[in-house]
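The values are calculated or read from the model by the stated rules, or taken from the named source; none is laboratory data. Keep in mind that what you see is a predicted model, and the values were worked out from it rather than measured. Here the Cβ positions follow ideal geometry from the backbone for every residue, glycine too, while neighbour counts run over all protein chains shown.
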Amino acid sequence: MNLISELGRRNVLRVAMAYIVAAWLIIQVVETLFPIFGFPDQAIRTVVIVLGIGFVPAVVGAWIFEFTPHGLKLDKDVDRSHVASRNTKRRLDQTIIVILVFAMSYFALDKFVFAPGRAIVREAEVAEQARTEAVVGFYGDRSIAVLPFENMSADPEQEYFADGIAEDVLTLLAGIRELRVISRSSAFAFKGQGLEIPEIASRLDVAHILEGSVRKSCNRVRVTAQLIEARTDTHLWAQTYDRDLEDVFAIQDEIAADVARNLQIKLLRPLPKSRVTDPEVLALTQQAKQISEIGGRDKGNKMFPLLQRALEIDPDYVPALEWMGSANFDRHAAGFISDEENERLNEQIKQRILELDPGNVTLIMVSAFNAHRSNQLEEAADLFERAIAKDSSNSNVVRVAGSFALAIGDLDTAIRILRHSTAIDPLCYQCLYYLSMAYMYAGEFDAAEKTRERYLAIGSGGRYYLGLIKLLQGDVAGALAVYEAFPEDQAQGSAGRAMAYHDLGEMENAESALTELLAIEGMQKEIRIAEAYAWMGQKDAAFEWLQLVTEQEPAMAHYSVFVPVFRNLHDDPRWDEWRESIGMSAERLDAIEFNPELPE
């Protein structure tokens, strides 16, 4: 008996062909739909494996059995001369044709409908990757994260001292322009998590890790440091420094110099030197800094006695003075000290820092920030450029400068600056927040959404703009889902629902959400009402509420100029008049020169 003829007689070939075509169609649909619903790649692989395994029993079953009008029968019991047997072949042929039609239809739909959308997303991903590589590529393998040094002393309080040494080394390395050094907030974020070095390096996107330990005993200190190549998890260099306690700052200088030498960095200028102080001052300042990072309404009051003690020991220690200014700011914001007292204390600190460090970058930043808030934009631009020129490795400096570029509508510069801030501080949620805003302002909505989701993974709040990004993309249902998750008493949720329902044509629901918004008492109510009216095309009401925002929160009005939710107002003469009234006219902003130098 000819095998091929027998396979045809038993419909094995028809079943195999139908199975293969159907399996291909199922796989194509699964690859398209599973990612949309959040299924991992493993789920797609499982479907492929199951279909592959299922092929064998399908063809074996076709050889042994046959479907008849009376059910499934063994092949040997089927009367092949009967018309029902011929009908079985005809039904299988028809099934194959139907599946092929579905397959061709899906192929056409995928090629002409789904593929262009995927191409747009892919282009956005490629552009995003290119930007990342542009920043990281400047440094190549010259990148490092300094992890908190382990406290090997018997006294657990010495942990602040160990952290202080690690941070000082980080600060020294950050002064090397040719080296990308991850900021403290990201590098110290993995403390106590027990992650392996390659995992930490991967998350921070660095080629090297510096780790170490500190043991303090009476007036002696032992510091051990190891430089690790992340890709191979191998030690490039290790050194133990056993000195008198007063020499700890010289140890920090030596570690930084040894790291630079082992990374074969050709220094264009000498390495900075550690600020020498009493080791207790270093520990007290570090403890105050960690309290600031933890947060809380009374953090300023907790920081104050620590810094007061540090400055009693060393009145000239500039980092303690800087953090005392931060503590006073928090105490004032929480209502613990008056406006007059806050102003008096800050002026004292400012004058003292100017005496000790005339070019202090923190003071430049404070001056730039104040100039921006008072709408002295030209002066602010000059000060922000000076701050970045002095310290482009400080993510706080870079981030605030990026937010300034965003506020004046210099979107290309804002994206460039904020991308650099995320390169040196990958876990900086505020950097991601403003970068997402910059992408949204620039109309790069896919990049804006991706960055906003990265922010939401580590930050809090900010979902209002995620919904707005979806609205701008045309994903109204997705935006509504975001806004329906807001608590009912939040202005952002009500404003978002009003805009989403408007786009869905559900005007009754839109008006209901707007009424709810108008009745809410809370922060940012006025600007959200203005945005909702603008989005819904009610221009008179939008301008009325914008004017109210201008009177009550002028800083909020300045940041609103480039928010795309107001695009419906741009063709109204009142828009340019309003911009002129708040000192944000296009002519003025276009004349501001702001081009800080950053590694490209």
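Structure notes:
- Per-region count, region 330-342, residues touching a helix residue (DSSP H, G or I) at 6+ places or on another chain (Cβ under 9 Å) and surrounded by fewer than 16 Cβ atoms within 10 Å (Cβ to Cβ): 5
- The set of residues in region 492-508 being surrounded by fewer than 24 Cβ atoms within 10 Å (Cβ to Cβ) and either in a helix (DSSP H, G or I) or of a type in the set (Val, Ile, Thr) (or both) consists of 501, 502, 503, 504, 507, 508.
- Of all positions in region 195-215, at least one carries a residue that is assigned by TED's automatic domain parsing to the domain that holds residue 163, within 35 Å of the chain's Cα centre (by Cα), surrounded by fewer than 16 Cβ atoms within 10 Å (Cβ to Cβ) and of a type in the set (A, V, I, L, M, F, W, C).
- Annotation for region 558-570: at least one member residue is within 22 Å of residue 408 (Cβ to Cβ), outside any helix (DSSP H, G or I) and of a type in the set (Val, Ile, Thr).
- Here region 283-313 is the region considered, the condition is being crowded, with 19+ Cβ neighbours inside 10 Å and either in the same structural domain as residue 159 (by TED's automatic domain parsing) or charged (D, E, K, R) (or both), and the residue that is farthest from residue 174 (Cα to Cα) is 299.
- Residue match in region 437-452 (condition: assigned to a helix (DSSP H, G or I) and without any contact (Cβ under 8 Å) to a residue 12 or more places away in the chain): no
- Filter pass, residue 154 being modelled with pLDDT under 90 and either touching a helix residue (DSSP H, G or I) at 6+ places or on another chain (Cβ under 9 Å) or not in a helix (DSSP H, G or I) (or both): yes
- Within region 478-491, if we keep just the residues that are assigned to a helix (DSSP H, G or I) and in contact (Cβ under 8 Å) with a residue 12 or more places away in the chain, the residue that is surrounded by the most Cβ atoms within 10 Å (Cβ to Cβ) turns out to be 483.
- All of (1) surrounded by fewer than 17 Cβ atoms within 10 Å (Cβ to Cβ); (2) within 19 Å of residue 424 (Cα to Cα); (3) among the hydroxyl-bearing types (Ser, Thr, Tyr) hold for residue 186 with one exception: (1).
- Taken over region 539-555, the criterion of being crowded, with 16+ Cβ neighbours inside 10 Å, out of contact with any Ser or Thr (no Cβ under 8 Å at 6 or more places or on another chain), in a helix (DSSP H, G or I) and touching a residue at least 24 places away in the same chain (Cβ under 8 Å) is satisfied by 539, 542, 543, 547.
- Taken together, 516, 531 contain a single residue that is charged (D, E, K, R), farther than 18 Å from residue 466 by Cα and in contact with a helix residue (DSSP H, G or I) (Cβ under 9 Å, 6 or more places away or on another chain), which is 516.
- Applying the criterion of being in contact (Cβ under 8 Å) with a residue 40 or more places away in the chain and hydrophobic (A, V, I, L, M, F, W, C) to the residues of region 556-581, the residue that is nearest to residue 539 (Cα to Cα) is 565.
- Some residue of region 490-502 being more than 15 Å from residue 532 (Cβ to Cβ) and not charged (D, E, K, R): no
- From the options 447, 513, residue that is more than 24 Å from the chain's Cα centre (by Cα) and crowded, with 18+ Cβ neighbours inside 10 Å: 513
- Listed conditions (1) over 16 Å from residue 287 (Cβ atoms); (2) in a helix (DSSP H, G or I) are all met by residue 327, apart from (1).
- Boolean, residue 255 is assigned by TED's automatic domain parsing to the domain that holds residue 155, touching a helix residue (DSSP H, G or I) at 6+ places or on another chain (Cβ under 6 Å), over 16 Å from residue 152 (Cα atoms) and of a type outside the set (D, E, K, R): yes
- Residue match in region 453-475 (condition: more than 21 Å from residue 326 (Cβ to Cβ), outside any helix (DSSP H, G or I) and more than 17 Å from the chain's Cα centre (by Cα)): yes
- Residue check, residue 264 outside any helix (DSSP H, G or I) and not small (Gly, Ala, Ser): yes
- Scanning region 533-550 for residues being more than 22 Å from residue 406 (Cα to Cα) and out of contact with any Phe, Trp or Tyr (no Cβ under 9 Å at 6 or more places or on another chain) gives a total of 4.
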